[in-house]
Amino acid sequence: MNRTGKYFASLLFDDGLPELQPNLEVKAVGIDVGLTHFAITSDGSKFDNPRHLKKHEKNLKRKQQKTFS
């Protein structure tokens, strides 16, 4: 029971299935997200940052000027 008078319960059940063994053949990969590269993995692969704003900046500027004028 907590201070507000609410009760909480935790239940644990045994499903009777054998315990799973970890697969040691699978290799985990870490990912670092950055500014110059979109992602860099722990094995050294680099993925370029998709510059959608730079690509469409001129069109966006024109549309914003038309909207606010």
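Read-outs throughout are calculated quantities, based only on the coordinates presented, and are distinct from any laboratory measurement. Everything numeric here is computed off the predicted structure, so don't read it as measured data. Virtual Cβ from ideal backbone geometry, glycine too; neighbours counted across all protein chains shown.
See the values below:
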{"read-out": "Among [x] 84; [y] 93; [z] 326, the entry derived from the coordinates for volume of the Cα convex hull per residue in Å³", "value": "[z]"}
{"read-out": "The chain: GluC sites (Glu not before Pro) in DSSP coil with no more than 15 other Cβ atoms inside 10 Å", "value": "19, 25"}
{"read-out": "Exposed-site-free run, longest, the chain (rule: chymotrypsin sites (Phe, Trp or Tyr not before Pro); DSSP loop; at most 12 other C-beta within 10 Å)", "value": "14-69"}
{"read-out": "DSSP loop trypsin sites (Lys or Arg not before Pro) with at most 14 other Cβ within 10 Å excluded, longest remaining stretch of the chain", "value": "28-50"}
{"read-out": "Total charge dipole magnitude, the chain, about the Cα centre, Cβ charges on Lys, Arg, Asp, Glu only, Debye to nearest 20", "value": "1260 debye"}
{"read-out": "Rounded to 10°, Cα long-axis angle of helix 52-68 versus longest principal axis of the chain", "value": "70 degrees"}
{"read-out": "Dipole of the chain, positive direction: furthest Cα of 35, 18, 4, with charges on the beta-carbon", "value": "35"}
{"read-out": "Relative contact order (%) - the chain, alpha-carbon pairs under 8 angstrom, separation at least six", "value": "14 percent"}
